[in-house]
Amino acid sequence: MAQRETWTTRAGFILAAVGSAVGLGNIWQFPFKTATNGGAAFVLVYLLAAVLIGLPTILGEFAIGRRAKLNAIEAFDRLDHPAWTVVGGLGLFTGLWILSYYSVVGGWVIRYVIGSLTGGYFGGTGAYFGAVSVGWEAIAFHGVFMALTAGIVAFGVEDGIEKATKLMVPSVIVMLLGLAVYAFTLDGSGPAYGYYLSPDLGYLANNLGSVVPFAVSQAFFSLSLGMGAMITYASYIDKDESLPADGGLVVGLNTAIGVLAGLVVIPLLFVQFGTVPEGAAGGGPGALFVSVAQAFTDLGMAGRVVGALFFFVVLIAALSSAISLLEVVTSYCVDKYDWDRKATAFGFGGALFLLGTLAAWDTAWLGWFDTLAYSVLLPASVLLGVIFVGWVYGPEAVDEIKQGSNADASVARLWIWWLRTVVFVGVFVTLYLGVTSIYASPGLPFL
Ligand code: PFF
């Protein structure tokens, strides 16, 4: 077997992990999930979930990946717990499921890069979104996005993934900061800040059962947890790196970029509609594409350039996340069966393209794919992983966390205790509430 690649530098790993974490989950999904779940109340619970549940969980995935130095499936074998390969399998399935519709939204973003340049949406962003987000056009651009993803993965870790993500993080931050400041200067954005930043505790108390599971799952999605991505990426890390330091950096940057995206999208929604509108195009999945695009149209000719730049950066963010999903299955097939990397990447890309055509055809399907991922697959996959790290792999995991960090041994022990109690209960409740909510109203497009 060929020698296993490693990240060329520590920054290479951090950027790739942040590249996986920062994506449509932050820029597209977080603002609209905030808008549909009570504004600041959701933001507050999300921040708590990222730090109290997301951070300990990401450390667990790092500890598995780095010790095993193998893909997310075989890692469990290598750690002498072959029965737990099922955790890797569920993670792999969850990641592929998500990638199938993630790519559809990635396709919308490509469409908007072009639409900015040609001025396509300048005649009305709501109608434009309605036209390009479904049907044949959406399928075609979904195909382009998936082909780009497979193309990068085909080149391998050093040439493809590491290079593609290096520029992305700084440019996402700069673009979002610029837009947040611009939104702040616009008439009508004022009330957005109260809505986004000052939690309505009454709302929270009345909707705890839906806000909490949504926020916890959003943290998992956004941090790329429960899909084998972080296990796989950590398998390329060096022994003498500090996992807690890396984990803290990834969680911190990812959370900050999500909150920053909200500071762009929510004020722009208020400028355009005076409130957070209901419905798919306004406050739902179309929020980014309708409100931010509208701000570009107001800039006239300059808006075309700024708009194209903005959507291009979003595209890079989406691609660097999508490649981490496809890399999970690709590295497994390459490690285990010695399959050809290029053929594997394009083979799975093609199959997922077919699955994703449902979500591309009709946003009701996209919503259903997303709901299943959020309410069931993600919490289930993370829960199994937490049980594995907490109880089965415990002492070795503690050892691995200590390795390379100068953290006191008591910090590592506190971590595993926290994982077994707070994280376990939090994820269990999230799964329970998610499953019962689906059971109560399945919302299937075909029912
Ligand atoms: N974390 C990515 C985002 O927020 O867009 C989505 C994602 C990428 C999820 C990779 C899972 C994953 F493995």
**OP:** Might you check whether a residue that is assigned to a helix (DSSP H, G or I) and under 18 Å from the mean Cα position of the chain (by Cα) occurs anywhere in the stretch 328-347?
**Re:** yes
**OP:** Could you list all residues from the stretch 272-288 that are in contact with a helix residue (DSSP H, G or I) (Cβ under 7 Å, 6 or more places away or on another chain), of a type in the set (G, A, S) and either under 14 Å from Q29 (Cβ atoms) or at pLDDT 85 or above (or both)?
**Re:** A280, G283, G284, G286, A287
Original post:
Mind checking which residues of the stretch 398-420 are out of contact with any Pro (no Cβ under 8 Å at 6 or more places or on another chain) and assigned to a helix (DSSP H, G or I)?
Top reply: V398, D399, E400, K402, A409, S410, A412, R413, L414, I416, W417, R420
Subject >> Options I110, I139, I98, I152: the member that is closer than 18 Å to A308 by Cβ and touching a residue at least 60 places away in the same chain (Cβ under 8 Å) >> reply: I110
**OP:** Provide a single number: the residues in the stretch 291-320 that are farther than 22 Å from S189 by Cβ and of a type outside the set (F, W, Y).
**Re:** 10
Subject >> helices (runs of 4 or more DSSP H) lying entirely in the stretch 207-302 (those with 1 or more residues that are more than 15 Å from the ligand (Cβ to nearest atom) and not hydrophobic (A, V, I, L, M, F, W, C)) >> reply: 208-222, 243-273, 293-298
**OP:** Sort through I14, I53 and tell me the only one that's at pLDDT below 90, assigned to a helix (DSSP H, G or I) and either away from the ligand (no atom under 11 Å from the Cβ) or in contact with a Gly (Cβ under 7 Å, 6 or more places away or on another chain) (or both).
**Re:** I14
Original post:
Any chance the stretch 215-238 includes a residue that's under 30 Å from G404 (Cα atoms) and acidic (D, E)?
Top reply: yes
Original post:
Which condition does L70 not pass, out of (1) outside any helix (DSSP H, G or I); (2) closer than 23 Å to G248 by Cβ, if it passes all the others?
Top reply: (2)
**OP:** Taking the residues in the stretch 310-333 that are away from the ligand (no atom under 16 Å from the Cβ) and touching a residue at least 40 places away in the same chain (Cβ under 8 Å) as candidates, determine which candidate is farthest from V104 (Cα to Cα).
**Re:** F310
**OP:** Looking only at the stretch 358-376, decide whether some residue is buried (at least 24 other Cβ atoms within 10 Å of the Cβ), among the charged types (D, E, K, R) and in contact (Cβ under 8 Å) with a residue 24 or more places away in the chain.
**Re:** no
Subject >> Residue check, F311 within 22 Å of the chain's Cα centre (by Cα) and within 19 Å of A192 (Cα to Cα) >> reply: no
**OP:** State whether the residues of the stretch 258-266 include one that is under 24 Å from G89 (Cα atoms) and surrounded by 21 or more Cβ atoms within 10 Å (Cβ to Cβ).
**Re:** no
Subject >> From G367, G356, G350, G385, residue being assigned to a helix (DSSP H, G or I) and touching a His at 6+ places or on another chain (Cβ under 6 Å) >> reply: G356
Subject >> The one condition in (1) more than 16 Å from the ligand (Cβ to nearest atom); (2) over 21 Å from D77 (Cβ atoms); (3) surrounded by fewer than 23 Cβ atoms within 10 Å (Cβ to Cβ) that W339 fails to fulfil >> reply: (2)
Subject >> Filter pass, V386 being modelled with pLDDT of 95 or more, crowded, with 20+ Cβ neighbours inside 10 Å, closer than 21 Å to T232 by Cα and within 13 Å of the ligand (Cβ to nearest atom) >> reply: no
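The values are calculated or read from the model by the stated rules, or taken from the named source; none is laboratory data. Predicted model only: the values in this text are computed from it and were never measured. Backbone-built Cβ (ideal geometry, glycine too); neighbour counts: all protein chains shown.
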